[in-house]
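Please read the structure below before turning to the comments.
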Amino acid sequence: MTATNKTEEANLVNSTKARISLALNKEDALDWARKLKWNEQGLIPAIVQDVHSLEVLMVAYMNQESFVMSCEQGETVFWSRSRKSLWHKGATSGHTQHIEGLYTDCDQDTLLIQVTAAGPACHTGSRTCFFEPIGSQPVHKGRFEILDHLEQTIAAREQERPEGAYTTYLFEQGIDKVLKKIGEEAAEVIIAAKNNDASELKGEIGDLLFHLLVLMKQTELPLDEVLGELSRRHQAPRRDQYSEQGKIKD
């Protein structure tokens, strides 16, 4: 390893804070590195995907060293072909990518990395590098795209407080107003369901989800954390271990 690369590695280690790893120690990571099929430049393409929305964020390359470091640190570290050096994604911008899952394809010559991203993946500031449609077709980002869009819009409203916007009104009134609206919308969902009115129910559930997103922003609870909790519960004990209150028994 060159002196420059040693310095780069030292900086990466020093900047690493406590984080959940992939449960792979260096020996296991090296064992996997020996199984992968690296190209003639000693690289392997890595597709980075949002673990919640399944949106493809970017494509980069890893060499064996960056692969092992990614496994150990739990964040993406790539090999920059232009700079010919290690590249810890987000080391300077703060837009790190916490690795939630790491997979190889059937030929073991491509990686799929599922991440929770701390910011945009693209240097343009876009959430994903894949935002330019070829032809007139729009870019489809999955069935939950609207939730991501709403979360970003609500965050912008909270920051900018545009005059006359309903979201601005909610933030200025405070959490008690938001909680009151959630109670009202929840009651209206119940009424719509009891009335067996699908059109009304659809609208009321939409209103409830919107106000829940406002509450999450006001309490600084990211939607990703809620989705992560749902994922954790999905892997929890079976429903026959739940109490009458719907909680898992101790």
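The values are calculated or read from the model by the stated rules, or taken from the named source; none is laboratory data. Note that the structure is a prediction, hence the values are computed from the model and not measured. Reconstructed Cβ throughout: ideal geometry from the backbone, glycine too, with neighbour counts over all protein chains shown. Please note that ligands, DNA and RNA were not included when accessible areas were found on the heavy atoms of the full protein model with its side chains. Shrake-Rupley method; radii C 1.70, N 1.55, O 1.52, S 1.80 Å.
Quick one: in the range 193-209, which of the residues that are more than 30 Å from Glu158 (Cα to Cα) and either touching a helix residue (DSSP H, G or I) at 6+ places or on another chain (Cβ under 6 Å) or assigned to a loop (DSSP other than H, G, I, E, B) (or both) is most open to solvent (accessible area, probe 1.4 Å)?
Step by step, filter the range 193-209, then rank; the result is Asn196.
All but one of (1) more than 25 Å from Asp224 (Cα to Cα); (2) modelled with pLDDT of 95 or more hold for Thr168, so report the exception by its number.
Result: Thr168 fails condition (1) only.
Could you tell me which numbered condition Leu24 fails, if it satisfies all but one of (1) assigned to a loop (DSSP other than H, G, I, E, B); (2) in contact with a helix residue (DSSP H, G or I) (Cβ under 7 Å, 6 or more places away or on another chain); (3) at pLDDT 90 or above?
Leu24 satisfies all of (1) assigned to a loop (DSSP other than H, G, I, E, B); (2) in contact with a helix residue (DSSP H, G or I) (Cβ under 7 Å, 6 or more places away or on another chain); (3) at pLDDT 90 or above except (3).
Cβ-Cβ under 8 Å, sequence separation 6+ or interchain: first residue in the range 117-133 and of a type in the set (Phe, Trp, Tyr), partner open to solvent by 30 Å² or more (accessible area, probe 1.4 Å). Which pairs?
Phe130/Val56; Phe130/Val139; Phe131/Val139
Just checking, which of Thr104, Thr96 is surrounded by 19 or more Cβ atoms within 10 Å (Cβ to Cβ) and either farther than 13 Å from Ile44 by Cα or not aliphatic (A, V, I, L, M) (or both)?
Values: Thr104 fails: surrounded by 19 or more Cβ atoms within 10 Å (Cβ to Cβ).
Just one listed residue meets the conditions, Thr96.
Quick test of your reading of the structure: Asp176 fulfils all but one of (1) farther than 27 Å from Thr116 by Cβ; (2) at pLDDT below 95. Name the failing condition by number.
Checking Asp176 against (1) farther than 27 Å from Thr116 by Cβ; (2) at pLDDT below 95, the one that fails is (2).
Under the condition of being of a type in the set (Asp, Glu) and open to solvent by 60 Å² or more (accessible area, probe 1.4 Å), which residue from the range 210-228 is modelled with the lowest pLDDT? Talk me through it step by step, then tell me what you get.
As a first pass, look at the range 210-228 and keep what is of a type in the set (Asp, Glu): 220, 224-225.
Retained after the next criterion (residues that are open to solvent by 60 Å² or more (accessible area, probe 1.4 Å)): 220, 225.
Working: Glu220: 94, Glu225: 86.
Only one residue tops the list, namely Glu225.
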